[in-house]
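See below for the structure under consideration.
Please treat every number below as a calculation from the coordinates, not as lab data. Keep in mind it's a predicted model, so treat the numbers as computed, not measured. When we count neighbours, we look across all protein chains shown, and the Cβ atoms used for this are built from the backbone with ideal geometry, even at glycine.
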Amino acid sequence: MDSVETPFSNNTIDIATLPDFEEVAMNPVREKLLTKHLLQTGVWFLLVIAFSVFMYFQDEILVGGIISGIIILFLVVLVFNFIKKQPRYAYAIREKDLIYKRGFLLSKTTVVSFNRIQHVSINRSVLDKWLDLSTLKIFTAGGSGSDVKIPGLDPTVAEKLKEALAGKIANENV
């Protein structure tokens with residue numbers, strides 16, 4: 001019995017007809033994420049102060065001062081970056097994918113198709129629990145470099161997103 005073969009086709013797609021993810025209404029993360037970053041940086045700042053005091057009593061004021069100054073300058077740049085990038089953390093779920101934006105000095109947008117998602121989990125550190133935050137981790141087929149972490153979510157929202165994504169994954173695999 002002869003089977004009818006369809007000819008191979010690989011037509012080009014007009015780029016103008018593709019949807020523009022930049023126009024999607026994005027959901028911001030909670031502002032408490034900035035508090036978390038500032039608290040973590042504050043701990044490092046206290047360690048630098050302790051190091052500076054230690055170096056002072058070791059009669060290595062110049063070396064300790066230079067090292068401490070460099071580290072403090074780095075921490076100030078880090079705090080500035082945290083403050084500027086906080087409003088840029090955002091996510092959106094569309095019919096077939098998830099979009100996640102972040103960054104200030106180096107901005108990055110990730111679009112993950114549901115058929116690439118393998119599983120989803122929620123992480124909460126001690127500091128997250130104290131600030132009432134959650135991090136949604138999305139594991140994709142493509143290795144750790146393509147995984148997505150959305151920090152600074154309300155725990156209830158994170159749970160709803162996890163359930164919604166799990167439902168989308170199940171529907172994609174049917």
Quick one: which residues, 5 or more positions from residue 147 or on another chain, have an amide H under 5 Å from its amide H? H modelled 1.01 Å from N in the peptide plane, none for Pro or chain starts. 140
Contact order relative to length of the chain, as percent, for alpha carbon pairs under 8 angstrom and 6 or more apart: 19
Apply the Karplus parameterisation 6.51 cos²θ - 1.76 cosθ + 1.60, with θ equal to phi minus 60°, to every residue of segment 24-33 and state each ³J(HN,Hα) to the nearest whole Hz, in sequence, with x for glycine and proline. 6, 6, 9, 9, x, 7, 6, 5, 5, 4
With r as the distance between the Cβ atoms of residue 107 and residue 12 and R0 = 25 Å, compute the FRET efficiency 1/(1 + (r/R0)^6) and round to 0.05. 0.30
Likely footprinting exposure, 88, 102, 94, fewest C-beta neighbours within 10 Å first: 94, 88, 102
So how far, in whole Å, is the C-alpha centre of segment 117-135 from the one of segment 38-76? 31
Fewest-first ranking of 37, 119, using other Cβ atoms within 10 Å as the exposure measure: 119, 37
State, to one decimal in nm, how far the label point of residue 121 lies from the label point of residue 77, with both points 7 Å from Cα in the Cβ direction. 3.3
